[in-house]
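In what follows, a structure is listed as structure tokens, so that the remarks can point back to it.
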Protein chains: 2
Amino acid sequence: MGGLLFSKLPRCAASHFTRRRKMNKPTILTGDRTTGPLHIGHYAGSLANRLRYQDSHEQFLLLADTQALTDNAHDPQKVRRSVIEVALDYLAVGIDPMRTTICLQSHLPALAELSMLYLNFVTVARLERNPTIKDEIRARGFGRDIPAGFLCYPAAQAADITAFKATVVPVGEDQAPLIEQTNEIVRRVNATAGRPVLPEARAIIPRAGRLPGIDGKAKMSKSGGNAIALSASPEDIRAAVKAMFTDPNHLRVEDPGHVEGNVVFTYLDAFDPAQDELAELKAHYQRGGLGDGKIKARLEAILQDLITPIRARRARLSQDRGYILEVIKEGTERARERTEATKRDVVNALGLFQL
Amino acid sequence: MGGLLFSKLPRCAASHFTRRRKMNKPTILTGDRTTGPLHIGHYAGSLANRLRYQDSHEQFLLLADTQALTDNAHDPQKVRRSVIEVALDYLAVGIDPMRTTICLQSHLPALAELSMLYLNFVTVARLERNPTIKDEIRARGFGRDIPAGFLCYPAAQAADITAFKATVVPVGEDQAPLIEQTNEIVRRVNATAGRPVLPEARAIIPRAGRLPGIDGKAKMSKSGGNAIALSASPEDIRAAVKAMFTDPNHLRVEDPGHVEGNVVFTYLDAFDPAQDELAELKAHYQRGGLGDGKIKARLEAILQDLITPIRARRARLSQDRGYILEVIKEGTERARERTEATKRDVVNALGLFQL
């Protein structure tokens, strides 16, 4: 993560950006729904990778407020508030707006225009068959009362990906079908146009799977009360690790313990920089003689080390709302150029009317 | 229809428009899918009324190319070509771009943005229950392979209507449920916003129902080969009336004939300026002694009178593509101001993020 310094965005940002594009790095699109501040699950699952992509890829980070509305239309204010929170989290972990374009989905009209266009290139039956959508419908208890925006969200995601002409999209394992859906739309648009106006995208699935909640539940979430926020205080971190689910049958230090399903070890797998030592600790824990207190102390120290600088930067940056807005604004302007250009490409390729 | 003269659009059009708004006329939105030139069915069903609305209403006419794509995605070129054709038809019948705003749907991004937003305020089940959509799905033989854009089209129509803050929308009898759907979305948006940011719209159903094709089929369409285009030549008109469906049991002049389901009388109902004389003719036809030739001659003369000046203006205007483009461009700019303002109103009222 390093100790990146944040300076005000110089005026030459756009040309800097243009220069970088010429270097032919692959374009990567990623982002987060703005429904609340990010937590260490986001760090392990995506933010850490995004820090690496800053140099190897042309990276766009989408503050997905429009998508957040697909199941938060009843609470648009939460979605609005979270825009700044998520942007703060990005900058706090070390995303550099000079190397990564942070942009706001709702302020890129080409995304809505391409979404509406793509809805004509996918059938309702196909959307309903999408395994990710099926799972989400079940998980959210929508039943037949699924908001239309939620069913249509794969087309909107295809618009996001293709508008940036992204060829690499990091997704959770359960989201790979969405990229396949995107590529189906791409192929139909290209076939109708008679030429490859849009590139297909490749899903990359991060090695680190989804981090469970501190209670061992599959999904870490602020609303589930089982998350550790990137802005967590030292006391929050301590309390969270203390409450963390381990092996319920590991009652005495001398008993053999399980490391599978043991959240402390899952977190150590994700965050411990000394993986050799960790392997030894696991063996010790499994044969007995290593208490939960010891491994929790190790994890807590690691998480304090990880979060302390993030929290400090976040606190500093949160004093300068103007700077955050400037970062979002300049990134969104750059993104607008890119996405409008793609829309024109598609409109031209399909032979639609152009005033 | 009168003998309106068409002049080049003066530069003051926008301020003229603004002046007119202040007069508090109700706003009416109407338009046509750009899938081919218009025919006399459009004239009887809507164009004639639109000529009247030019003075009594603030009228927006939408060239609905985006909506045309919902079931023509395989042939975008047809949709593109038809934009100019439909605009030509508007001007040829006497739509005055100084009094009516002619605008192009695909060039109003706020419509797509509001559509995507509204999809979050309507469930899939509700869209599927829409009787108009149900009928259309059946009529077009989509079955389960209905394009998602087609299912979502009521939300897009709600976006069109509300973006202009239209309170009056002329629709066919079968389309009234679409206005009810729009108003449901309006009420949900207003309820979420906590204040009436969008007005509800009222459907007006023209007295003249849908004109059948010359073969007596319910739907007149160019593709069905049973239409009379607004640009029809004198010979086309003559041939169409000659081929027109009457009463198949009315074999000899002296036989009693039926006027119901007799296309010639249906057209005379729609176009004959002397409705008293027409009532007498009907009585004569019903008791026997009036031949099809006579009533066809009467109808042909009426249609020739109707179409001759339209065809002449259309031919003249079609020589000046630059003028047509200018009309569309200026109208679309005016419409863009209006629709962007509405989008901002909605975003503000819902408390969404505004950069």
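A short reminder: the numbers here are calculations on the coordinates, not readings from a lab. This is a predicted model, so every value here is computed, not measured. As a convention, Cβ positions derive from the backbone with ideal geometry for all residues, glycine included, and neighbour counts pool all protein chains shown.
Within a 10 angstrom radius of each residue's Cβ in A:105-115, how many Cβ atoms of other chains show up on average? Whole number is fine.
5
Where in the range A:73-109 is the amide nitrogen less than 19 Å from a point lying 7 Å along the Cα-to-Cβ axis of A:E337?
A:96-105, A:107-109
Tell me whether the range B:257-349 comes out rounded, prolate or oblate; compute the Cα gyration tensor, take square roots of the eigenvalues as a ≥ b ≥ c, and use a/c under 1.5 as the rounded threshold.
oblate
Measure off 7 Å from each Cα along the Cα-to-Cβ vector at A:D75 and A:L251, then give the distance between these two points in nanometres to one decimal.
Modelled inter-label distance: 4.0 nm.
7 Å from Cα along Cα→Cβ at both A:K222 and A:A176: what's the point-to-point distance in nm?
Here the answer is 3.1 nm between the modelled labels.
Can you check what the net charge comes to around A:P154, using other residues whose Cβ is under 10 Å from the Cβ of A:P154 (Lys, Arg +1; Asp, Glu -1)?
-1
Most mobile of A:R99, A:R321, A:R202 per a Gaussian network model of chain A (Cα springs, under 10 Å)?
Result for chain A, Cα springs under 10 Å: A:R321 fluctuates most.
Given 0.36 nm per residue, what is the gain on full extension from A:R210 to A:R187 after removing their alpha carbon distance, in nm?
Taking 0.36 nm per residue and subtracting the Cα distance, the gain is 5.2 nm.
Output the direction-averaged projected area (hull surface divided by four) of the convex hull of the alpha-carbon atoms of the protein assembly as shown, in nm².
Directional mean of the projected Cα hull area for the protein assembly as shown stands at 35.8 nm².
Can you give me the Cα centroid spacing of the range B:61-101 and the range A:203-218 in angstrom?
About 51 Å separates the Cα centre of the range B:61-101 from the one of the range A:203-218.
Provide the per-residue ³J(HN,Hα) series for the range A:306-318, in order, calculated from phi with Karplus coefficients 6.51, -1.76, 1.60 and θ = phi - 60°, each as a whole number of Hz, with x at glycine and proline positions.
In residue order, the calculated couplings are 5, 7, 3, x, 5, 5, 5, 5, 4, 5, 5, 5, 5 Hz.
Distances from A:E173 to the same residue in each other copy, label points 7 Å out along Cα→Cβ, in nm, shortest first?
5.9
Could you tell me which of rounded, prolate or oblate describes the range A:206-247, using a ≥ b ≥ c as the square roots of the eigenvalues of the alpha-carbon gyration tensor, with rounded for a/c under 1.5 and, failing that, prolate when a/b is larger than b/c and oblate otherwise?
Since a/c reaches 1.5 and a/b is larger than b/c, the shape of the range A:206-247 is classed as prolate.
Suppose R0 equals 30 Å; then what is the FRET efficiency for A:A297 and A:E326 from their Cβ-Cβ distance, rounded to the nearest 0.05?
Rounded to the nearest 0.05, the efficiency is 0.10.
Setting aside same-chain residues fewer than 8 positions from B:K165, which lysines have a Cα under 25 Å from its Cα?
Excluding near neighbours in sequence, the set is B:K22, B:K25, B:K329, B:K343.
By the scheme Lys and Arg +1, Asp and Glu -1, what is the net charge of all other residues having a beta-carbon under 14 Å from that of A:A274?
Summing Lys and Arg as +1 and Asp and Glu as -1 gives -4.
How crowded by other chains is A:148-160, given as the mean number of beta carbons from other chains within 10 Å of each beta carbon?
5
Roughly how compact is chain A, stated as its Cα Rg over 2.2 N^0.38 Å to two decimals?
My calculation over the Cα atoms of chain A gives 1.07.
Over the protein assembly as shown, what is the percentage of antiparallel beta bridges among all DSSP beta bridges, to the nearest 5?
Restricted to the protein assembly as shown, the bridges split so that about 10 percent are antiparallel.
When we measure straight from the Cα of A:K242, which lysines land under 26 angstrom away, once same-chain ones fewer than 8 places off are left out?
A:K217, A:K219, A:K222, A:K282, A:K294, A:K296
Can you tell me which of B:T35, B:T339, B:T246 moves the most in a GNM of chain B? Springs connect C-alpha atoms under 10 Å apart.
With Cα springs under 10 Å in chain B, the top fluctuation among B:T35, B:T339, B:T246 is at B:T246.
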